[in-house]
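What follows draws every value from the coordinates through simple rules; no lab data is involved. Computed from a predicted model, the values in this text were never measured in an experiment. Neighbour counts run over all protein chains shown; Cβ positions are idealised from the backbone, glycine included.
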Amino acid sequence: MSQSVWAELKQLAVIVSESIPTRLQVLSKRTLSDSTHDYVMLFKSLDMSEEDAAAHLGKSAKDSSFGMAKNFLRKALLNTLFVLDLESSQMSEYTIALHRSNREAFMVKTLMSLGARTTATDLARESLKLARRFEFLDNQLVLLTVLRSDAAMAGNRQKHKEFRLDFRRVLAKLDAVESAAARMEEVIAEFAVSGSEKPGLKAQVAQYAQEVRAEATDHPSFLLQLYAYRLEALAAQVALQFEDSLSIAESAQTFVEQHPIFNAPGRRAEFALKRIVCLLSLGANSKMGLVWTLSHICEWSAPPSIG
């Protein structure tokens, strides 16, 4: 457990260091006590091993006081996630929008629970525009619930009906996206157990790809289209049809590039890596394509992104 907390602290520190103007903002009012120095020193020591960091503070990694300091710092760093300034970082537009949407959905739910219905409704109305633009389906459901309730309270039956229908439409799309994600994860789990070739999965993955492509037609969605491309490329790869997989990966890259707000470096690199696997499998005749793909991965992977 101790090593797990230390690993979490390292991950949180990277995020906070890149997105908070002043590092000391991660610490709460408790840092005004005599223990402030320990927390600040601990934060600055996260690049060390846990044992070295404890020694740097004149403690042992097994000391209860060191464990308390870690737990407090972890809580402070987690609280900081609500005030991250991602726009001052090099995160993608999609990542920045996702953080903003998640934060605003949380704020709307908190305001509603505290009885600030008017403020919550006004914020929900504005936040829904962002959630729709970037296809944040789960947040759309939260916001539509608030707006539907407000319409009912105001006696606006027409608006209430519109929000009900919109909620059902978004819920159906979210169900399709989650179903596609589950299919993809099911295949990934097979390869996580063993990375060897699995020709027996060919029919199953091909069927999943067809089903998701059909759902993308019924529920127009960037995310569904993306999962369809992923499964189609994987189906061809499992069948050892690397030329087909390469062609699908190229089409997927073009599709992503045609949707700028979703065009995060991570998504472009995903299909570029798929191309590398295919090109290597196809042999020396694909050398120029491999060089091109590697050069673009270096270009795309420069800014951090979770998109």
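Before moving on, here are some points about what is shown:
- A Förster radius of 35 Å, combined with the Cβ-Cβ distance separating Asn79 from Ala172, puts the computed FRET efficiency at roughly 0.45.
- Evaluated at q = 0.13, 0.31 Å⁻¹, a Debye calculation over the C-alpha positions of the range 220-274 (equal weights, vacuum) places log10 I(q)/I(0) at -0.28, -1.28.
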